[in-house]
1. Scan Pro45, Pro100 and give me the residue that is part of a loop (DSSP other than H, G, I, E, B), buried (at least 16 other Cβ atoms within 10 Å of the Cβ), within 16 Å of the ligand (Cβ to nearest atom) and of a type outside the set (Asp, Glu).
2. So for the stretch 105-119 (the condition being more than 16 Å from the ligand (Cβ to nearest atom) and in a helix (DSSP H, G or I)), does at least one residue qualify?
3. Only one residue in Thr90, Thr155 is farther than 29 Å from Val305 by Cα, of a type in the set (S, T, N, Q) and either within 15 Å of the ligand (Cβ to nearest atom) or in contact with a strand residue (DSSP E or B) (Cβ under 8 Å, 6 or more places away or on another chain) (or both), so which one is that?
4. Please work out if Ser372 is small (Gly, Ala, Ser) and within 19 Å of the chain's Cα centre (by Cα).
5. Among the residues in the stretch 3-11, are any basic (Lys, Arg), assigned to a loop (DSSP other than H, G, I, E, B) and not assigned by TED's automatic domain parsing to the domain that holds Ala174?
6. Within the stretch 93-100, is even one residue without any contact (Cβ under 8 Å) to a residue 40 or more places away in the chain and hydrophobic (A, V, I, L, M, F, W, C)?
7. Six or more apart or on different chains, Cβ atoms under 9 Å: show the pairs whose first residue is in the stretch 65-79 and in contact (Cβ under 8 Å) with a residue 40 or more places away in the chain and whose second is of a type in the set (S, T, N, Q) and surrounded by fewer than 16 Cβ atoms within 10 Å (Cβ to Cβ).
Amino acid sequence: MDKMVIHGGERLIGEVQIGGAKNAALPLFIAALLTDEEIHLHNVPALRDIDTVEKLLRNMGITVKREGFDATIQAKSLDTIEAPYDLVRTMRASILVLGPLLARAHGAKVSLPGGCAIGTRPINLHLDGFHALGAEIDLEHGYIHAKADKLAGTTIDLSLPTVTGTENLMMAAALAEGTTIIENAAREPEVVEVGNFINKMGGQISGLGTKTVVIKGVSALHGTDYTIMPDRVEAATYMVAAGMTRGNLLIKGARPQHLKAVIDKLSEAGMEIHEENGGLRCLMTGSIKSVDAKTLPYPGFPTDVQAQLMAMMCFANGLSVISETVFENRFMHVGELKRMGADIQVEGHSAIIRGRGELSGAPVMATDLRASASLVLAGLAASGTTEISRIYHLDRGYERMEEKLRVVGANIRRVKA
Ligand code: UD1
């Protein structure tokens with residue numbers, strides 16, 4: 001297994017180009033199931049999760065061609081309506097095939113995602129929604145068997161604004177008979193992206209970005225061309241990197257309107273952040289201030305940036321409380337940060353960080369995607385050498401991270417197993 005070796009202490013200075021958003025690219029690849037015509041995607045990030053979704057679609061007999069940052073997908077016909085355990089296990093977002101398969105093929109067999117490093121992460125809201133649209137759902141031998149001769153529009157009131165749940169239901173409802181209203185819908189930019197994409201395929205979705213999304217079903221969708229939005233979590237991670245290394249980075253492609261909560265929090269922590277040349281200039285000249293934060297659904301502070309902010313708070317001088325309200329059990333990075341000398345105490349949904357202005361390099365282990373990113377950041381700012389193992393987690397969601405960091409001055413290298 002590859003390792004990342006970092007010699008900390010370098011200020012990061014220069015420009016980092018942000019890639020296409022993983023969490024938008026995944027549902028857009030899958031939404032290609034909604035038509036038999038060609039879909040052309042641009043700004044496709046080079047990530048392991050994208051390779052997994054490609055495998056998932058190919059396994060169904062769908063043509064996927066990738067060349068650089070472009071992808072062409074055509075679901076002319078389907079060989080199978082199954083998403084097998086091996087693929088769903090490595091990428092939970094595979095569950096997103098349920099909606100399009102129900103709409104297009106009137107049935108789906110999808111492995112239950114099972115437990116996950118980040119809390120229990122159930123999918124009850126997806127399944128309840130499909131049931132409300134008229135699908136019969138059975139759970140057998142670890143698989144979800146769903147079928148529906150037809151899907152009929154209805155009102156679905158989500159008890160939690162689930163991101164992939166909203167996307168899954170929107171994709172199914174796009175080809176249902178009549179109008180579907182999703183109440184308490186997720187408002188994340190990636191959800192808006194999926195809606196805009198379906199509309200470009202000929203769908204009729206309104207209310208995107210609000211709590212009430214209205215989907216008028218259409219009889220067919222057609223092929224289209226679409227450029228994937230920049231990844232706001234990748235952008236936020238490099239913004240924190242600039243702050244933690246007292247650096248000065250231009251984060252190219254970052255969209256400030258998607259990052260308001262992050263910009264506000266990092267500014268409170270002492271960073272200077274402003275728009276420049278279609279990106280964000282992020283610099284830190286003084287010392288890091290302790291800030292409190294609470295993760296919330298969009299437009300609140302993103303749970304996907306919680307671990308990175310916590311790493312930063314270890315370098316402040318003072319007390320910071322970070323509360324995680326979106327997922328249970330999303331503090332796996334705490335134990336690893338402690339190995340680097342962090343003083344963090346977890347009490348229920350909150351982590352109390354007593355920043356000491358420093359961490360010292362140590363061997364640590366990546367446990368999930370964003371936790372891995374927080375360890376890279378900690379390693380960049382720590383004294384001495386940090387060795388991060390199990391970095392396959394990192395490759396799921398960060399494109400060539402060590403290369404992007406090296407260009408701006410980091411002393412980081414990947415050691416092949
Ligand atoms: C998506 C993102 C992930 C991000 C998360 C929250 C993708 C591929 N992944 O994950 O990066 O961290 O949004 O912004 O886009 N829940 C239920 N029942 C359900 C569904 C969800 O109880 O059926 C709960 C979850 O356990 C969690 C909360 O709802 O507590 C939010 O989860 P959700 O928005 O569904 O996250 P994902 O879509 O899995």
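The values are calculated or read from the model by the stated rules, or taken from the named source; none is laboratory data. From a predicted model like this one, the values you see are computed outputs, not experimental measurements. All Cβ positions, even for glycine, are placed from backbone atoms using ideal geometry, and neighbour counts span all protein chains on display.
1. Pro45
2. Yes, some residue in the stretch 105-119 is more than 16 Å from the ligand (Cβ to nearest atom) and in a helix (DSSP H, G or I).
3. Thr155
4. Yes.
5. yes
6. No: zero hits.
7. Ile73/Thr63; Gln74/Thr63; Ala75/Thr63; Lys76/Thr63
Every residue, every condition in (1) within 16 Å of the ligand (Cβ to nearest atom); (2) touching a residue at least 40 places away in the same chain (Cβ under 8 Å); (3) polar (S, T, N, Q), yes or no:
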| position | (1), (2), (3) |
| --- | --- |
| Ser287 | no, yes, yes |
| Val291 | no, no, no |
| Tyr298 | yes, yes, no |
| Phe301 | yes, yes, no |
| Phe315 | no, yes, no |
| Leu319 | no, no, no |
| Asn329 | yes, yes, yes |
